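Nothing in this text is a laboratory measurement; each read-out follows from the coordinates by a stated rule. All values reported here derive from a predicted model rather than from experimental measurement. Ideal geometry is used to build each Cβ from the backbone, glycine not excepted, and the neighbour counts take in all protein chains shown.
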Amino acid sequence: MMGHRVVPIAGMGWSLGVIALVLKSGLIAPSISPPINIQDPLALSVAVLKQAESFKAAAVGVAGVTPNEVLAWRVIFNSPGRDEVFRDLLATGSPSGRLYALAGLWFEDANEFATAATAVRAQGGTVTTVRGCIATRESLRELVHQIESGSWSREFLAARLVNVR
């Protein structure tokens, strides 16, 4: 009778012990990244987009939550000097970060945008995209074409899905 209650408790104790040993051993080391001033929303937003691992729509997941990357894009978009920030992000960001930068530059000088779009398109490759509950890999070429149409930029500003692509 008592044995059937002890087994789950002992199993939980074993699991917690293993977790503690793994954490203490250093096998799971935190990633090292440069310090970010979390008091400065613009610097934090730039860091989020520079390190973006995927290109996300304005509403993701079952609940349609606005992802951190889109919130960061909106902070940059509403900041003074956004063009310079997006240009820097275009030059130094991850492939997904460059797509966010391109979406921000869509509102500015058409010639500069076209030059930037050509450069991103020429880099080739694919990135992970997340739209609603669907994550997939898409080519930079196709995503640049979608950004050129303005659908991503309008969606990021509206903070909701605007067009179904």
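In this structure the amide hydrogen of Ser54, modeled in the peptide plane, comes within under 5 Å of no amide hydrogen from residues 5 or more places off or on another chain.
A viscosity of 1.306 mPa s and a temperature of 10 °C, combined with the Kirkwood radius over C-alpha pairs in the Stokes-Einstein formula, give the range 41-158 a diffusion coefficient of 115 µm²/s.
For the range 94-111, the residues whose backbone nitrogen is under 20 Å from a point 7 Å from the Cα of Ser139, taken along Cα to Cβ, are 95-100, 102-103.
Can you put Ile134, Ile76, Ile147 in order, fewest other beta carbons within 10 Å first?
On the way: Ile134 9, Ile76 21, Ile147 25.
If I rank by nearby Cβ atoms, fewest first, I get Ile134, Ile76, Ile147.
Taking label positions 7 Å along the Cα-Cβ direction at both Ala110 and Thr92, the computed distance is 3.2 nm, reported to one decimal.
With each label modelled as a point 7 angstrom along the Cα→C-beta vector, the Asn68-Gln123 pair spans 2.0 nm.
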